[in-house]
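Q: Below: one structure in structure tokens.
Values in this text are rule-based calculations from the coordinates and carry no lab data. Nothing here was measured: the structure is a model prediction, and the numbers come from that model. Cβ sites come from the backbone with ideal geometry, for glycine too, and all protein chains shown count toward neighbours.
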Ligand SMILES: [Zn+2]
């Protein structure tokens, strides 16, 4: 089968000129902050294409947290801002767990919370199961795969600049 990936346009990092290193400090050594040591950074067109594709996905795959079911794969923002994909193994509703003070009055409005518990990520064998709890009505971004991904790729092809579609033949077993 064919695996399709999107490759966003990059250029040699303008801060380190492609070495991946810059001035030394005790915390991070000589890693370049322009590229995090990757030696390249996205061009302006590449960054615009990333934002356009993200917005396209967000518009189609954002759902209320109470609509998430066990087995769904969702995107989770971790402490520090990195985004990971997690498989939901359980959902639990906790009544009145989120309180919000009404503006201009002393009344507190209570909202149910939804706790999503995620399957343990495979490489992190020693980590505990993680979970997130959010108020009913807040939103979650579902992970994109299969036919939905084909739709994203079709959209990316309509962007004139900053992204190329890369197709690669892979063995089916890799997707099992
Ligand atoms: Zn750099």
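Q: Going by how many other Cβ atoms sit within 10 Å of their own, how do 102, 151 line up, fewest first? Before the final figure, lay out each step's value.
A: On the way: 102 9, 151 14.
If I rank by nearby Cβ atoms, fewest first, I get 102, 151.
Q: Which whole-number percentage describes the relative contact order of the chain, with Cα contacts under 8 Å and a sequence gap of 6 or more? Please list the in-between numbers first.
A: Working: 296 pairs, mean separation 49.7, N = 176.
It comes to 28 percent, rounded to a whole number.
Q: Can you give me the angle between helix 44-61 and the longest principal axis of the chain, using Cα atoms only, in degrees from 0 to 90, rounded to the nearest 10?
A: Roughly 30 degrees, rounded to the nearest 10.
Q: Return 22, 42 ranked ascending by Cβ neighbour count within 10 Å, so the fewest neighbours appear first. Present the calculation step by step, with values, prior to reporting the outcome.
A: On the way: 22 19, 42 16.
Placing the least packed residue first, the sequence is 42, 22.
Q: Under 1.5 on a/c is rounded, so check that first for the stretch 1-93, then, if it is not, pick prolate when a/b is larger than b/c and oblate when it is not; a ≥ b ≥ c are the square roots of the alpha carbon gyration tensor eigenvalues.
A: Working: a/c = 2.87, a/b = 1.76, b/c = 1.63.
Prolate is the answer for the stretch 1-93, as a/c is 1.5 or above and a/b outweighs b/c.
Q: Which of 26, 17 comes first, and how do the rest follow, when ranked by fewest Cβ neighbours within 10 Å? All intermediate terms of the calculation are to be shown ahead of the outcome.
A: Working: 26 5, 17 13.
By the 10 Å Cβ count, ascending: 26, 17.
Q: Where does helix 146-158 land angle-wise versus the long Cα axis of the chain, in degrees 0 to 90, nearest 10?
A: That works out to roughly 50 degrees.
Q: With N residues in the stretch 2-175, what two-decimal value do you get for its Cα radius of gyration over 2.2 N^0.38 Å? Working shown, then result.
A: On the way: Rg = 20.6 Å, N = 174, 2.2 N^0.38 = 15.6 Å.
Compared with the compact-globule rule of thumb, the stretch 2-175 sits at 1.32.
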